[in-house]
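For reference, the structure is listed below as structure tokens.
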Amino acid sequence: MRKSIARLAAVALLMAAMALPQALNAQSNIMYGSSRNPLMNTANPAFFPSRSKVYLSLPGVNLDFASPLAYSSIFQVDTAAQKTYINANSLLDTLANGEKIRFGTNINAVGLGLNFGNFFLTLSAQAKVDLGFGLPQGLVTFLSEGNYGHTDDDVIELIDGNLISARVYGEGALGLGVRLMDDHLTVGARIKMLVGYLDLSNAGSSLTLATAPDYSTMTADLNLDMNYAGAVNLTRDTVTGRTDFQIGSYFPQNYGLNFDLGAHYKNDLLEVSASIIDLGPGIHWTENIKKVVSARESNTFTFSGVDVTTLMHGGTLDSTYSQMLIDSLSTLAEYKVIDGGNDYWTSIPTKVNVGGMFRLTTGVSAGLLFHGEFERGLVKVGEVFKTQNVGFYSRTSLLARINIHDWVEVVASASVLTSNGSWSWTNPGVGLTLTPFRTLQIYTFLDYISNIYLVDAKHLNVSVGLNLFLGNSSER
């Protein structure tokens, strides 16, 4: 009996462990609020630093992390017993909104900007990684409360369909901006060519538990169902259980197309802007298509009830005992890789930016910026459109910007973050841009700093890089 519930827990936890921490490649609001860094154009194609006729962005990196979990709010240390416990009550409260752990990396390989008076042209190439997984709130609820009151049609959903998202792709972009209204208004648009290298999308994985009306039996139903595609070929040896990854193509055939639109108005006292980023269908995956499914032919098993109080002590989960359960019954998470399958589409999260800055004194401005992201995930398999959970994330920042002469810019922010209905209120940020001799630019941004201790940080965005300016001109 205990083995059955341990198997159930092991399957759910290992399915979650298979996922890598979704990144949405969320931008830094501090970068958007900069007036000196040319990479602000990536967040609004109407932005262009008119301080030079040509700029070249050298390799730079942006890292973005978001998680509803923090170490100190989940783990408790009993110094007397020399044990570490998981606070199940705190964990349940944290997972109540169905949030994801998300991690993203954006590597800016190269960028070029050309200023032709009233027109400007931008070219860029980037590599992006989006990773993430949903957290199994239902499993934690079951381990804490058991199945009492959940009978007949009241099925406990231990893991829902929002399990895994992992994507690696490249982006080449061509942008054009135009100055209007005596240079007060600029509008811009950008077309993006997407090339997909690797994708793992959840197509309907789930783990449910149904209890008989008389509590005599419980029936668990495991369904592992994920789509895989990309330039890396995935194979699994059914005898040894080993999964191998082999380079199938250095030039993938998984293409996509997205668009960016933006506008920016500025006068002596005020500037306002708005943009829509990554508007379009996303990436069409056609190469090395696989299905990752459960290895067991029958994923439904029935067993007698179990007393879960052995797992819980005063609202906490004994991490030592739960780890024993996971280790002893990991075989239930066995999976197999099936060749073939339908081509499919995955979306790139669409971003919306709306901002306004007021000029307080010469070189000093302050304002407000709203950044929102809409996540759709898997949108189409073959000719069938998929309906998935739509995630919405927003970051609203109060910004202050100080420009010192021509070579120093400091931007500070205080941001409020939302994720599927949950709020995070205290997230400061700071950015420094140095442009000595108005030629070489060095920038560093730290945004959405939820905690100075990394183990307790729930949000963090880091950007570092270099830019090179040629043919300096007076600011317009």
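The table for this structure:
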read-out	value
Approximate spin-label separation residue 339-residue 225, in nm, with each point projected 7 Å along Cα-to-Cβ	2.4
Lysines whose Cα lies under 26 Å from that of residue 266, excluding same-chain neighbours fewer than 8 positions away	53, 351
Distance cut-off 21 Å, percentage of C-alpha pairs in segment 358-450 lying past it	51
Gain on full stretching of the segment that runs from residue 246 to residue 462 - 0.36 nm per residue minus C-alpha separation	74.6 nm
Length released on extending from residue 255 to residue 440, taking residue separation times 0.36 nm less the Cα-Cα span	63.1 nm
Per-pair calculated FRET efficiency, R0 = 22 Å: residue 406 and residue 270 via Cβ, rounded to 0.05	0.45
Straight-distance crosslink candidates among lysines, where the alpha carbon sits under 17 Å from residue 336 and sequence neighbours closer than 8 are dropped	290, 291
Distance between modelled label sites at residue 81 and residue 451, nm, 7 Å Cα→Cβ extension	2.2
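Only the coordinates and a few stated rules stand behind these numbers; no lab work does. Since the model is a prediction, treat every value here as computed from it, not as a measurement. Glycine gets a Cβ as well: all are built from the backbone with ideal geometry, and neighbour counts include every protein chain shown.
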